[in-house]
1. Could you give the length gained by full extension between E111 and F81, i.e. 0.36 nm per residue of separation minus their alpha carbon distance, to one decimal place?
2. Let me know the whole percent of all Cα-Cα pairs from the range 85-146 that are separated by more than 20 Å.
3. Express the relative contact order of the chain as a whole percentage, based on alpha carbon pairs under 8 Å and six or more residues apart in sequence.
4. Using helices alone, what [θ] at 222 nm do you get for the chain, with -39,500 (n - 2.57) per DSSP H run of 4 or more residues, divided over all residues and rounded to the nearest 500?
5. So what are the chain's ellipsoid semi-axes, whole angstrom, largest first, if each one is the square root of 5 times an eigenvalue of the alpha-carbon gyration tensor?
6. Relative to a virtual label point 7 Å from the Cα of V7 in the Cα→beta-carbon direction, which members of the range 114-146 show backbone nitrogen distances below 20 Å?
Amino acid sequence: MKDIHIVFGVITITLTAVAGAWGAWCWWRAHQSAWFWRLLRASQVAVVIQAALGGVLVLTGHKPPGLHVLYGVLPLLVSFFAEQLRISAAQMVLDQRGFESAAAVGKLPAEEQQGIVLAVTQRELGFMVIAALVNLVLLGRAAMTG
C-alpha cells in the first residue's frame, strides 16, 4: 500500500506541476484553455485520492512524520479556499468597477462586456494557478518529509 501511495504521489505532483505551469502560461497570455481546467480538476482529484490513500496508511498503523501529514492535508484546504475565491471573482470585478449586478453589465456595449468577462476569467484563472503552485510546493514538501 505504501508503494501505491508513493507512485500516486509522483502522479499527483506531476499533474499539479503541469496544471500550474500551463495555467500560468495561459494567465500570462490572457488565454482561456479548457485543457488547463481539465488538468487542474485532475490534479485536485489526485490530491483527494492521495490524501485518502495516506489516511488508509495511517489507519492501518503506518506512522508518518507529523509534517508529512500536514503537508499532505494542506493542499485540500488550499484548493477549497481557492475555489471560494474563484466563485467570488465575478463579484469582485463588478464591485471594483462599480456595477451592482451582472444585469448592469448587460446594458454595456458588447466590447465593454467582453472586457469585463476577460477580467473575471483572468481573476478566476489567477486564483486557481496560485493555488496549484502553492499545492505543488506543499506536495513537494510532503514527498521530502515522507
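Values in this text are rule-based calculations from the coordinates and carry no lab data. Small disclaimer: the values here were computed from a predicted structure and weren't measured. Cβ coordinates were reconstructed from backbone atoms using ideal geometry, including for glycine residues, and neighbour counts include every protein chain displayed.
1. 7.6 nm
2. Result for the distance tail: 41 percent.
3. 39 percent
4. -30500 deg cm²/dmol
5. Equivalent-ellipsoid dimensions as semi-axes: 37, 15, 11 Å.
6. 143-144, 146, by backbone N distance to the label point.
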